[in-house]
1. Size of the dipole of the chain about the Cα centre, Lys and Arg at +1 and Asp and Glu at -1 on the beta carbon, nothing else charged, in debye to 20?
2. About its Cα centre, how strong a charge dipole does segment 311-351 have in debye, to the nearest 20, once Lys and Arg get +1 and Asp and Glu get -1 at the Cβ?
3. Would you mind calculating the gained length between residue 24 and residue 174 on full extension (0.36 nm times residue separation, minus the Cα-Cα distance), in nm to one decimal?
4. Under 5 Å between amide H atoms, partner at least 5 residues away or on a different chain: which partners does residue 136 have, H built in plane at 1.01 Å?
5. What does the extension gain come out to for residue 138 and residue 200, with contour length at 0.36 nm per residue minus their alpha carbon separation?
6. Can you give me the Cα centroid spacing of segment 315-351 and segment 120-185 in angstrom?
7. List the residues, sorted by chain then number, that are 5 or more residues from residue 332 or on another chain and whose placed amide H is less than 5 Å from its amide H.
8. How about residue 76: which lysines have a C-alpha closer than 17 Å to its C-alpha, ignoring those fewer than 8 places off in the same chain?
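The values are calculated or read from the model by the stated rules, or taken from the named source; none is laboratory data. Since the structure is predicted, the reported quantities are computational estimates derived from the model, not experimental observations. Reconstructed Cβ throughout: ideal geometry from the backbone, glycine too, with neighbour counts over all protein chains shown. To get the accessible areas, we keep the full protein, side chains included, count just its heavy atoms, and leave off ligands, DNA and RNA. Shrake-Rupley method; radii C 1.70, N 1.55, O 1.52, S 1.80 Å.
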Amino acid sequence: MIFKAIILALIFNMRLMYQPFDLQLRHPFTIAKFSRTSTPLMLVQIAYEGYTGYGEASMVPYMGESHQTATDFLSKVDVREFKYPFDFAAIIHYLDSLAPGNPAIKAAIDIALHDLDGKIKQQPCWQLMGSDPALTPVSSITIGIDTPEVIVQKLREAEGFKVIKVKLGRDNDKDLINIIRSITDLPLYVDANQGWTDRERSLDLCHWLHEQGVQLIEQPMLKTDAESNAWLTGRSPVPIIGDEAVQRLADVEKAKGVYHGINVKLMKSAGMYEAKQMIDKARGLGLKVLIGCMSETSCATLAAAALAPQCDWADIDGPFLTTNNRYQTPEFKDGKYVLNNDAGLGLKFKN
(Lines give C-alpha, C1' and ligand atoms only; values in the text may rest on other atoms or scores of the structure.)
Protein backbone atom coordinates (compact mmCIF):
# COMPACT_ATOMS: atom_id res chain seq x y z
CA MET A 1 0.00 0.00 0.00
CA ILE A 2 1.39 3.37 -1.01
CA PHE A 3 0.43 6.33 1.14
CA LYS A 4 1.10 9.95 0.35
CA ALA A 5 3.21 10.68 3.40
CA ILE A 6 3.30 14.08 5.04
CA ILE A 7 5.98 13.98 7.71
CA LEU A 8 5.06 16.76 10.04
CA ALA A 9 7.63 15.93 12.73
CA LEU A 10 10.11 13.26 13.65
CA ILE A 11 10.07 14.02 17.36
CA PHE A 12 9.79 10.69 19.22
CA ASN A 13 9.76 8.98 15.79
CA MET A 14 6.10 9.88 15.28
CA ARG A 15 4.74 10.43 11.78
CA LEU A 16 1.34 11.42 10.42
CA MET A 17 0.47 10.17 6.94
CA TYR A 18 -2.68 10.36 4.87
CA GLN A 19 -4.24 9.42 1.54
CA PRO A 20 -7.46 10.62 -0.14
CA PHE A 21 -9.77 7.77 -1.10
CA ASP A 22 -13.19 7.48 -2.77
CA LEU A 23 -15.38 4.79 -1.24
CA GLN A 24 -17.75 3.32 -3.82
CA LEU A 25 -21.24 2.33 -2.72
CA ARG A 26 -22.86 -0.94 -3.76
CA HIS A 27 -26.04 0.93 -4.73
CA PRO A 28 -26.85 4.64 -5.10
CA PHE A 29 -27.60 5.78 -1.55
CA THR A 30 -30.73 7.91 -1.36
CA ILE A 31 -32.21 9.54 1.72
CA ALA A 32 -34.93 12.18 2.14
CA LYS A 33 -32.93 15.05 0.65
CA PHE A 34 -29.75 13.63 -0.93
CA SER A 35 -28.43 10.86 -3.14
CA ARG A 36 -24.87 9.73 -3.88
CA THR A 37 -22.90 6.81 -5.34
CA SER A 38 -19.62 7.33 -3.49
CA THR A 39 -18.19 9.01 -0.41
CA PRO A 40 -14.85 10.84 -0.10
CA LEU A 41 -12.63 9.44 2.65
CA MET A 42 -9.28 10.45 4.08
CA LEU A 43 -7.29 7.44 5.26
CA VAL A 44 -4.88 8.31 8.05
CA GLN A 45 -1.90 6.53 9.58
CA ILE A 46 0.09 7.53 12.66
CA ALA A 47 3.36 5.64 13.15
CA TYR A 48 5.29 5.55 16.41
CA GLU A 49 8.09 3.31 17.72
CA GLY A 50 7.46 0.54 15.20
CA TYR A 51 3.64 0.57 15.57
CA THR A 52 1.11 2.07 13.18
CA GLY A 53 -2.41 3.21 14.03
CA TYR A 54 -5.09 3.49 11.34
CA GLY A 55 -7.99 5.91 11.13
CA GLU A 56 -10.33 7.35 8.55
CA ALA A 57 -12.57 10.32 7.90
CA SER A 58 -15.83 9.62 6.07
CA MET A 59 -16.85 12.99 4.65
CA VAL A 60 -20.45 12.71 3.51
CA PRO A 61 -21.18 15.85 1.46
CA TYR A 62 -23.96 17.29 3.64
CA MET A 63 -21.55 17.55 6.59
CA GLY A 64 -19.40 20.05 4.67
CA GLU A 65 -16.04 18.25 4.69
CA SER A 66 -14.01 17.21 1.64
CA HIS A 67 -10.58 16.01 0.59
CA GLN A 68 -9.53 19.66 0.41
CA THR A 69 -10.81 20.65 3.86
CA ALA A 70 -9.24 17.53 5.35
CA THR A 71 -5.90 18.28 3.69
CA ASP A 72 -6.03 21.87 4.90
CA PHE A 73 -6.74 20.72 8.45
CA LEU A 74 -4.01 18.08 8.47
CA SER A 75 -1.48 20.67 7.31
CA LYS A 76 -2.02 22.46 10.63
CA VAL A 77 -1.49 19.40 12.83
CA ASP A 78 1.76 19.19 14.79
CA VAL A 79 2.32 15.59 15.96
CA ARG A 80 4.52 16.83 18.79
CA GLU A 81 1.19 17.43 20.55
CA PHE A 82 0.55 13.66 20.58
CA LYS A 83 2.82 12.71 23.45
CA TYR A 84 2.65 9.14 24.70
CA PRO A 85 0.87 8.00 26.82
CA PHE A 86 -1.91 9.83 25.00
CA ASP A 87 -4.08 12.31 26.86
CA PHE A 88 -7.16 12.09 24.63
CA ALA A 89 -8.94 14.96 26.36
CA ALA A 90 -5.97 17.23 25.69
CA ILE A 91 -5.69 15.95 22.12
CA ILE A 92 -9.29 16.75 21.19
CA HIS A 93 -8.89 20.15 22.84
CA TYR A 94 -5.80 20.73 20.69
CA LEU A 95 -7.56 19.61 17.49
CA ASP A 96 -10.54 21.84 18.22
CA SER A 97 -8.16 24.76 18.76
CA LEU A 98 -6.83 24.39 15.20
CA ALA A 99 -10.20 25.00 13.53
CA PRO A 100 -13.89 24.71 14.38
CA GLY A 101 -15.98 21.96 12.83
CA ASN A 102 -14.13 19.33 10.77
CA PRO A 103 -15.31 16.47 13.04
CA ALA A 104 -14.62 13.69 10.52
CA ILE A 105 -10.94 14.44 10.00
CA LYS A 106 -10.56 14.93 13.75
CA ALA A 107 -12.18 11.50 14.15
CA ALA A 108 -9.63 9.99 11.75
CA ILE A 109 -6.79 11.21 13.96
CA ASP A 110 -8.54 10.09 17.16
CA ILE A 111 -9.26 6.60 15.76
CA ALA A 112 -5.68 6.18 14.55
CA LEU A 113 -4.36 7.16 17.99
CA HIS A 114 -6.69 4.71 19.74
CA ASP A 115 -5.59 1.95 17.36
CA LEU A 116 -1.97 2.87 18.04
CA ASP A 117 -2.56 2.96 21.80
CA GLY A 118 -4.11 -0.51 21.74
CA LYS A 119 -1.22 -1.92 19.73
CA ILE A 120 1.37 -0.45 22.08
CA LYS A 121 -0.49 -1.82 25.12
CA GLN A 122 -1.35 -5.08 23.33
CA GLN A 123 -5.01 -4.63 24.20
CA PRO A 124 -8.11 -4.43 21.97
CA CYS A 125 -9.78 -1.06 21.68
CA TRP A 126 -13.02 -2.41 23.12
CA GLN A 127 -11.15 -3.25 26.32
CA LEU A 128 -9.52 0.18 26.45
CA MET A 129 -12.99 1.73 26.13
CA GLY A 130 -14.39 -0.41 28.96
CA SER A 131 -16.82 -2.43 26.82
CA ASP A 132 -18.12 -5.95 27.48
CA PRO A 133 -18.34 -8.00 24.24
CA ALA A 134 -21.16 -10.07 25.74
CA LEU A 135 -23.36 -6.95 25.59
CA THR A 136 -22.81 -6.26 21.89
CA PRO A 137 -26.17 -5.41 20.27
CA VAL A 138 -27.19 -6.63 16.84
CA SER A 139 -26.48 -4.18 14.04
CA SER A 140 -29.01 -3.11 11.45
CA ILE A 141 -28.27 -2.79 7.74
CA THR A 142 -29.61 0.24 5.91
CA ILE A 143 -31.99 0.15 2.94
CA GLY A 144 -31.94 3.51 1.15
CA ILE A 145 -34.91 4.93 -0.74
CA ASP A 146 -35.18 3.12 -4.08
CA THR A 147 -37.42 1.35 -6.57
CA PRO A 148 -39.33 -1.74 -5.42
CA GLU A 149 -37.08 -3.99 -7.53
CA VAL A 150 -33.87 -2.62 -6.03
CA ILE A 151 -35.28 -2.73 -2.50
CA VAL A 152 -36.00 -6.44 -2.97
CA GLN A 153 -32.43 -6.94 -4.21
CA LYS A 154 -31.02 -5.05 -1.21
CA LEU A 155 -33.02 -7.22 1.16
CA ARG A 156 -31.57 -10.34 -0.43
CA GLU A 157 -28.08 -8.91 0.04
CA ALA A 158 -28.85 -8.26 3.72
CA GLU A 159 -28.75 -11.96 4.63
CA GLY A 160 -27.23 -12.46 8.07
CA PHE A 161 -28.62 -9.25 9.54
CA LYS A 162 -31.34 -9.42 12.19
CA VAL A 163 -32.62 -5.84 11.82
CA ILE A 164 -33.37 -3.73 8.74
CA LYS A 165 -33.05 0.06 8.80
CA VAL A 166 -35.21 1.92 6.29
CA LYS A 167 -34.67 5.43 4.99
CA LEU A 168 -37.93 7.39 4.90
CA GLY A 169 -38.87 11.05 4.62
CA ARG A 170 -40.67 11.31 1.30
CA ASP A 171 -44.32 10.93 0.31
CA ASN A 172 -44.08 7.17 -0.24
CA ASP A 173 -43.02 6.08 3.26
CA LYS A 174 -45.83 3.56 3.69
CA ASP A 175 -45.20 2.09 0.25
CA LEU A 176 -41.55 1.40 1.14
CA ILE A 177 -42.48 -0.26 4.42
CA ASN A 178 -45.14 -2.36 2.70
CA ILE A 179 -42.62 -3.58 0.12
CA ILE A 180 -40.21 -4.58 2.86
CA ARG A 181 -42.94 -6.26 4.89
CA SER A 182 -43.88 -8.32 1.83
CA ILE A 183 -40.38 -9.82 1.94
CA THR A 184 -39.40 -9.98 5.62
CA ASP A 185 -40.83 -9.75 9.11
CA LEU A 186 -37.51 -8.71 10.71
CA PRO A 187 -37.63 -5.82 13.19
CA LEU A 188 -37.19 -2.40 11.58
CA TYR A 189 -35.48 0.87 12.41
CA VAL A 190 -36.43 3.91 10.34
CA ASP A 191 -34.66 7.19 9.64
CA ALA A 192 -36.62 10.14 8.24
CA ASN A 193 -33.51 12.37 7.95
CA GLN A 194 -35.56 15.48 8.85
CA GLY A 195 -38.03 14.70 6.06
CA TRP A 196 -41.30 14.97 8.03
CA THR A 197 -42.93 18.37 8.33
CA ASP A 198 -46.47 18.00 9.70
CA ARG A 199 -46.86 17.06 13.39
CA GLU A 200 -50.22 15.28 13.21
CA ARG A 201 -49.34 13.33 10.09
CA SER A 202 -46.02 12.40 11.66
CA LEU A 203 -47.75 11.12 14.79
CA ASP A 204 -50.19 9.07 12.72
CA LEU A 205 -47.23 7.59 10.87
CA CYS A 206 -45.49 6.78 14.16
CA HIS A 207 -48.51 4.76 15.28
CA TRP A 208 -48.69 2.98 11.93
CA LEU A 209 -44.94 2.23 11.99
CA HIS A 210 -45.32 0.85 15.51
CA GLU A 211 -47.87 -1.62 14.15
CA GLN A 212 -45.35 -2.61 11.46
CA GLY A 213 -42.70 -3.61 14.01
CA VAL A 214 -40.57 -0.45 13.91
CA GLN A 215 -38.39 -0.16 17.02
CA LEU A 216 -37.00 3.36 16.65
CA ILE A 217 -37.32 6.46 14.47
CA GLU A 218 -34.34 8.73 13.78
CA GLN A 219 -34.60 12.50 13.34
CA PRO A 220 -38.18 12.75 12.06
CA MET A 221 -38.33 16.54 11.79
CA LEU A 222 -35.89 19.39 11.18
CA LYS A 223 -32.98 19.38 13.61
CA THR A 224 -33.62 23.06 14.28
CA ASP A 225 -37.25 22.45 15.25
CA ALA A 226 -36.82 21.22 18.80
CA GLU A 227 -40.41 22.10 19.67
CA SER A 228 -41.94 19.83 17.00
CA ASN A 229 -39.53 16.98 17.75
CA ALA A 230 -40.35 17.26 21.46
CA TRP A 231 -44.08 17.30 20.68
CA LEU A 232 -43.72 14.11 18.68
CA THR A 233 -41.47 12.45 21.28
CA GLY A 234 -44.06 13.09 23.97
CA ARG A 235 -46.72 11.22 22.00
CA SER A 236 -44.97 8.60 19.89
CA PRO A 237 -45.27 4.89 20.78
CA VAL A 238 -41.88 4.41 19.09
CA PRO A 239 -38.63 5.85 20.54
CA ILE A 240 -37.58 9.05 18.73
CA ILE A 241 -33.81 9.42 18.29
CA GLY A 242 -31.94 12.66 17.63
CA ASP A 243 -29.32 12.34 14.90
CA GLU A 244 -28.53 15.48 12.91
CA ALA A 245 -29.53 17.49 15.98
CA VAL A 246 -26.88 15.76 18.12
CA GLN A 247 -23.37 16.21 16.81
CA ARG A 248 -20.95 16.51 19.73
CA LEU A 249 -20.89 16.36 23.52
CA ALA A 250 -22.37 19.82 24.02
CA ASP A 251 -25.51 18.75 22.14
CA VAL A 252 -26.36 15.79 24.38
CA GLU A 253 -27.88 17.82 27.22
CA LYS A 254 -30.01 19.74 24.69
CA ALA A 255 -31.52 16.41 23.57
CA LYS A 256 -33.13 15.71 26.95
CA GLY A 257 -36.85 16.38 26.72
CA VAL A 258 -36.67 16.61 22.93
CA TYR A 259 -35.81 12.99 22.06
CA HIS A 260 -35.94 9.60 23.75
CA GLY A 261 -32.33 9.01 22.76
CA ILE A 262 -29.40 10.06 20.60
CA ASN A 263 -27.47 8.66 17.66
CA VAL A 264 -23.73 8.78 18.29
CA LYS A 265 -21.53 8.67 15.18
CA LEU A 266 -17.76 8.91 15.34
CA MET A 267 -17.72 11.16 12.27
CA LYS A 268 -19.89 13.65 14.17
CA SER A 269 -18.30 13.26 17.61
CA ALA A 270 -14.72 13.78 16.37
CA GLY A 271 -13.80 10.23 17.29
CA MET A 272 -13.92 7.53 19.91
CA TYR A 273 -12.93 9.61 22.93
CA GLU A 274 -15.79 12.08 22.67
CA ALA A 275 -18.23 9.37 21.53
CA LYS A 276 -17.58 7.62 24.85
CA GLN A 277 -18.20 10.90 26.70
CA MET A 278 -21.48 11.33 24.81
CA ILE A 279 -22.63 7.81 25.68
CA ASP A 280 -21.84 8.34 29.36
CA LYS A 281 -23.56 11.74 29.36
CA ALA A 282 -26.65 10.32 27.69
CA ARG A 283 -26.86 7.51 30.23
CA GLY A 284 -26.68 10.02 33.05
CA LEU A 285 -29.58 11.94 31.50
CA GLY A 286 -31.72 8.83 31.04
CA LEU A 287 -31.41 8.88 27.24
CA LYS A 288 -31.16 5.79 25.06
CA VAL A 289 -28.19 5.44 22.71
CA LEU A 290 -27.89 4.26 19.13
CA ILE A 291 -24.39 4.02 17.69
CA GLY A 292 -24.38 4.69 13.98
CA CYS A 293 -22.04 5.30 11.10
CA MET A 294 -21.54 7.11 7.81
CA SER A 295 -20.33 5.33 4.66
CA GLU A 296 -17.20 3.73 6.09
CA THR A 297 -14.64 1.00 5.62
CA SER A 298 -13.88 -1.65 8.23
CA CYS A 299 -11.56 0.82 9.98
CA ALA A 300 -14.17 3.24 11.37
CA THR A 301 -16.64 0.36 11.68
CA LEU A 302 -14.36 -1.47 14.11
CA ALA A 303 -13.87 1.75 16.07
CA ALA A 304 -17.64 2.08 16.49
CA ALA A 305 -18.00 -1.63 17.25
CA ALA A 306 -15.61 -1.17 20.19
CA LEU A 307 -18.22 1.13 21.77
CA ALA A 308 -21.34 -0.72 20.62
CA PRO A 309 -21.71 -2.85 23.81
CA GLN A 310 -22.32 0.36 25.75
CA CYS A 311 -25.29 1.27 23.52
CA ASP A 312 -28.89 0.09 23.22
CA TRP A 313 -28.85 -0.26 19.45
CA ALA A 314 -26.26 -0.36 16.64
CA ASP A 315 -26.36 0.66 13.00
CA ILE A 316 -22.80 0.10 11.80
CA ASP A 317 -23.10 -1.51 8.40
CA GLY A 318 -20.50 0.36 6.33
CA PRO A 319 -18.45 -2.58 4.97
CA PHE A 320 -21.58 -4.33 3.73
CA LEU A 321 -22.73 -1.37 1.63
CA THR A 322 -19.51 -0.71 -0.29
CA THR A 323 -17.53 -2.33 -3.11
CA ASN A 324 -13.91 -1.22 -2.62
CA ASN A 325 -13.30 -1.59 1.13
CA ARG A 326 -9.52 -2.02 1.24
CA TYR A 327 -9.70 -3.97 4.51
CA GLN A 328 -11.21 -7.33 5.37
CA THR A 329 -14.84 -7.26 6.49
CA PRO A 330 -14.92 -7.65 10.30
CA GLU A 331 -16.16 -10.97 11.64
CA PHE A 332 -19.96 -10.89 11.82
CA LYS A 333 -22.05 -13.61 13.43
CA ASP A 334 -25.71 -13.87 14.47
CA GLY A 335 -26.28 -10.29 13.40
CA LYS A 336 -23.45 -8.90 15.57
CA TYR A 337 -19.83 -7.89 15.14
CA VAL A 338 -17.47 -10.27 16.93
CA LEU A 339 -15.09 -8.40 19.23
CA ASN A 340 -11.88 -10.43 19.39
CA ASN A 341 -8.69 -10.00 21.38
CA ASP A 342 -6.55 -8.54 18.58
CA ALA A 343 -4.62 -5.46 19.69
CA GLY A 344 -6.02 -2.07 18.73
CA LEU A 345 -8.92 -2.05 16.29
CA GLY A 346 -8.13 -5.53 15.02
CA LEU A 347 -8.08 -4.19 11.46
CA LYS A 348 -6.90 -6.64 8.81
CA PHE A 349 -5.86 -5.86 5.25
CA LYS A 350 -7.09 -7.80 2.27
CA ASN A 351 -4.60 -10.28 0.86
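1. It comes to approximately 420 debye.
2. Value, rounded to 20: 280 debye.
3. That works out to 51.1 nm of additional length.
4. Those qualifying (amide H under 5 Å, at least 5 residues apart or on another chain) number zero.
5. Once the chain is fully extended between residue 138 and residue 200, it gains 19.1 nm.
6. Taking the Cα centre of segment 120-185 as reference, the centre of segment 315-351 is 15 Å away.
7. It is 338, by chain and number.
8. Straight-distance partners of residue 76: 4, 106.
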